[in-house]
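Inspection log for the structure reproduced underneath, given as structure tokens.
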Amino acid sequence: AQSVSQHNHHVILSEAASLELGCNYSYGGTVNLFWYVQYPGQHLQLLLKYFSGDPLVKGIKGFEAEFIKSKFSFNLRKPSVQWSDTAEYFCAVNDQGAQKLVFGQGTRLTINP
Amino acid sequence: GAVVSQHPSWVICKSGTSVKIECRSLDFQATTMFWYRQFPKQSLMLMATSNEGSKATYEQGVEKDKFLINHASLTLSTLTVTSAHPEDSSFYICSAPNWPYEQYFGPGTRLTVT
């Protein structure tokens with residue numbers, strides 16, 4: 001069965017710091033990869049997604065992620081975080097041909113002003 | 001973008017009663033919808049796949065008779081928590097894919113069983 005691991009449970013940064021959140025998955029087949037964000041009191045929103053092609057994916061709000069197939073990783077990055085990035089971040093995977101998602105445990109990001 | 005709504009957003013019920021939660025895709029049709037459960041400060045756990053016109057597919061460990069799912073139309077799926085108990089208190093979230101793999105999530109329903 002697929003599984004997704006997010007190793008950082010809670011990350012605390014100051015504004016303008018650089019961010020990298022780890023995501024690793026276990027699945028031998030071809031996958032689609034996603035990062036979702038959940039702001040306090042709001043529903044899940046898609047930050048970015050990877051289906052195929054360029055492994056460096058750019059999303060909304062200055063976020064990007066790099067798919068490294070050999071490492072089964074899809075880490076999320078942002079060069080300079082803002083206070084408004086405080087939220088819960090979820091990595092998710094589904095295998096191509098299926099629609100249901102498997103989520104990682106989530107990473108809580110706290111940005112101090 | 002596509003919108004998915006849930007109703008109610010928050011419900012409190014007494015132990016032993018049943019609660020129905022609705023999930024609607026507002027501007028697109030969804031033959032499949034998904035129901036997740038999210039415990040505080042934890043991730044989303046897929047409970048079941050709701051299929052329009054056929055039975056729902058439940059994930060391992062999810063009680064079918066306790067969490068009844070009905071996909072009544074191409075825009076509506078309902079989750080009924082039957083004979084609710086305090087341990088069923090949680091945040092329930094639905095999602096609907098809008099071809100091919102992108103999913104749109106509802107705002108969630110917080111269930112509190114007293």
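The values are calculated or read from the model by the stated rules, or taken from the named source; none is laboratory data. As the structure is a computational prediction, the values presented were derived from the model and not from experiment. Note that each Cβ is placed from the backbone with ideal geometry, even for glycine, and that neighbours are counted across all protein chains shown. Heads up: the accessible areas ignore ligands, DNA and RNA and are worked out on the full protein's heavy atoms, side chains in. Shrake-Rupley method; radii C 1.70, N 1.55, O 1.52, S 1.80 Å.
For this structure, a couple of remarks:
- Filter result for the condition that a residue is more than 14 Å from chain B (Cβ to nearest Cβ) and buried (at least 17 other Cβ atoms within 10 Å of the Cβ), over A:V37, A:V81, A:V57: A:V81
- One residue stands out among those in the stretch B:24-47 that are under 13 Å from the mean Cα position of the chain (by Cα) and over 23 Å from A:S3 (Cα atoms): the one that is most open to solvent (accessible area, probe 1.4 Å), which is B:R24.
- Lone qualifier among A:L19, A:L48 - being within 12 Å of chain B (Cβ to nearest Cβ) and within 16 Å of the chain's Cα centre (by Cα): A:L48
- Applying a threshold of 8 Å to beta carbon distances and a minimum spacing of six or more residues, or different chains, the list of pairs starting in the stretch A:89-113 at a residue that is more than 10 Å from chain B (Cβ to nearest Cβ) and open to solvent by 10 Å² or more (accessible area, probe 1.4 Å) and ending at one that is in a loop (DSSP other than H, G, I, E, B) and among the charged types (D, E, K, R) reads A:N112/A:E15; A:P113/A:E15.
- Meets criteria (surrounded by 14 or more Cβ atoms within 10 Å (Cβ to Cβ) and free of Cβ contacts under 8 Å to residues at least 12 places away in the same chain) for B:Y58: yes
- Enumeration of residues in the stretch B:48-58 that are of a type outside the set (S, T, N, Q) and under 13 Å from the mean Cα position of the chain (by Cα): B:A48, B:A56, B:Y58
- Candidates B:A96, B:A84, filtered to the one that is small (G, A, S) and farther than 21 Å from A:V102 by Cα: B:A84
- All strands (runs of 3 or more DSSP E) inside the stretch B:8-114 with 2 or more residues being under 21 Å from A:N32 (Cβ atoms) and within 12 Å of another protein chain (Cβ to nearest Cβ): B:32-38, B:44-51, B:90-97, B:103-105
- Residue check for B:S15: over 14 Å from the mean Cα position of the chain (by Cα), among the hydroxyl-bearing types (S, T, Y) and either at negative phi or open to solvent by 50 Å² or more (accessible area, probe 1.4 Å) (or both): yes
- The set of residues in the stretch A:68-95 that are at pLDDT below 95, more than 16 Å from A:H7 (Cα to Cα) and in contact with a strand residue (DSSP E or B) (Cβ under 6 Å, 6 or more places away or on another chain) comprises A:N94, A:D95.
- Selection of the stretch A:1-29 for residues being part of a loop (DSSP other than H, G, I, E, B), among the polar types (S, T, N, Q) and either open to solvent by 30 Å² or more (accessible area, probe 1.4 Å) or more than 14 Å from A:A92 (Cβ to Cβ) (or both) yields A:Q2, A:N8, A:S18.
- Some residue of the stretch B:65-74 being on the phi > 0 side of the Ramachandran plot and either out of contact with any Asp or Glu (no Cβ under 6 Å at 6 or more places or on another chain) or surrounded by fewer than 22 Cβ atoms within 10 Å (Cβ to Cβ) (or both): no
- Condition check for B:H71: at pLDDT 90 or above and farther than 29 Å from A:V4 by Cα: no
- Hits in the stretch A:30-43 (condition: part of a loop (DSSP other than H, G, I, E, B) and at pLDDT 90 or above): A:Y39
- From A:E15, A:E20, residue being charged (D, E, K, R) and without any contact (Cβ under 8 Å) to a residue 60 or more places away in the chain: A:E20
- Given (1) without any contact (Cβ under 8 Å) to a residue 40 or more places away in the chain; (2) open to solvent by 10 Å² or more (accessible area, probe 1.4 Å), index of the condition B:T82 fails: (1)
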